[in-house]
Amino acid sequence: MPPNTKPTQHRETKLPRTAWLESGLGLLSGTGPQAITVEQLCKSVGRSKGSFYHHFADVKTYGDALVSFWEQRDTESVMRMVDQSAGAWQKRQALAGLALSLDGSTERAMRQWAASNADVGGRVAVIDQRRIAYLAGLIDEINGHGDPADALDLARIEYATFVGLFYVLPCGQRVDSSRMLRRFLMLMTPAAPPLPPNWPDA
């Protein structure tokens, strides 16, 4: 070996924080909350525990980050996209269409996790209320700001139906879900303009 030359040491390629979180959602959806362990996560991404602890102090910190990641992906980003539409009825159509594209297995897994973990349960409850409030605002605007309490009731009913479909039709075809959601929207807001014939794929 030439002088002043040190042996080459193998170093793990640093994995982005988001990759750990994406892997966690996959484990949560595919296996359930019991998969959210340091060992399982490291095995899933092919990295050591040291790599995990570089980003997260412990499993609880990781769990908090995972719920926040899910909220950003399936709530905040959805609302931002919806807000690009002009008019409450157009936003309502956009919201319903985007809701159809959400991963039902993740929605179910998050609620399974929430049922067994009080911290996660509290976070998911807040996210659900945030989604409901956003929908209620659109319904209230469509209905001419007549009765906010009524709009909130309608939003709760619609959201409960939305969540329930992930359980009643866990492997439902998009065409079936689209047809039912289209019918439901018109029942909930009969005074709204007709939906396009090929909604939500217009």
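The values are calculated or read from the model by the stated rules, or taken from the named source; none is laboratory data. The model shown is predicted, which means the values in this text are computed figures rather than measured ones. We place every Cβ from the backbone using ideal geometry, glycine too, and count neighbours over all the protein chains shown. Note: areas computed on protein heavy atoms with side chains; ligands, DNA, RNA excluded. Shrake-Rupley method; radii C 1.70, N 1.55, O 1.52, S 1.80 Å.
May I ask you to verify whether SER101 is open to solvent by 50 Å² or more (accessible area, probe 1.4 Å), of a type in the set (S, T, N, Q) and more than 25 Å from TYR62 (Cβ to Cβ)? Steps first, answer last, please.
Working: open to solvent by 50 Å² or more (accessible area, probe 1.4 Å): yes; of a type in the set (S, T, N, Q): yes; more than 25 Å from TYR62 (Cβ to Cβ): yes.
Yes; evaluated as a whole, the condition is true for this residue.
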- Message: Against the definition (in contact with a Pro (Cβ under 7 Å, 6 or more places away or on another chain) and either free of Cβ contacts under 8 Å to residues at least 40 places away in the same chain or of a type in the set (A, V, I, L, M) (or both)), how does LEU100 come out, yes or no?
- Response: yes
- Task: Being among the aromatic types (Phe, Trp, Tyr), part of a helix (DSSP H, G or I) and crowded, with 19+ Cβ neighbours inside 10 Å is the filter here, so list the residues in region 37-82 that pass it.
- Result: PHE52, TYR62, TRP70
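Tell me yes or no: at least one residue of region 146-168 is among the hydrophobic types (A, V, I, L, M, F, W, C), touching a Gly at 6+ places or on another chain (Cβ under 6 Å), surrounded by 15 or more Cβ atoms within 10 Å (Cβ to Cβ) and assigned to a helix (DSSP H, G or I). Explain how you work it out, then say what you get.
Looking only at region 146-168, we keep the residues that are among the hydrophobic types (A, V, I, L, M, F, W, C), and these are 149, 151-152, 154-155, 157, 160, 162-163, 165-166, 168.
Still in the running and touching a Gly at 6+ places or on another chain (Cβ under 6 Å): 166.
Within this subset, residues satisfying the condition of being surrounded by 15 or more Cβ atoms within 10 Å (Cβ to Cβ) are 166.
Now narrow it down to the ones that are assigned to a helix (DSSP H, G or I): 166.
Yes.
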- Restricting region 20-35 to residues that are in contact (Cβ under 8 Å) with a residue 60 or more places away in the chain and surrounded by 14 or more Cβ atoms within 10 Å (Cβ to Cβ), the residue that is nearest to the chain's Cα centre (by Cα): LEU25
- Task: Residues being in a helix (DSSP H, G or I), open to solvent by 60 Å² or more (accessible area, probe 1.4 Å) and touching a helix residue (DSSP H, G or I) at 6+ places or on another chain (Cβ under 9 Å): count how many of those fall in region 169-192.
- Result: 3
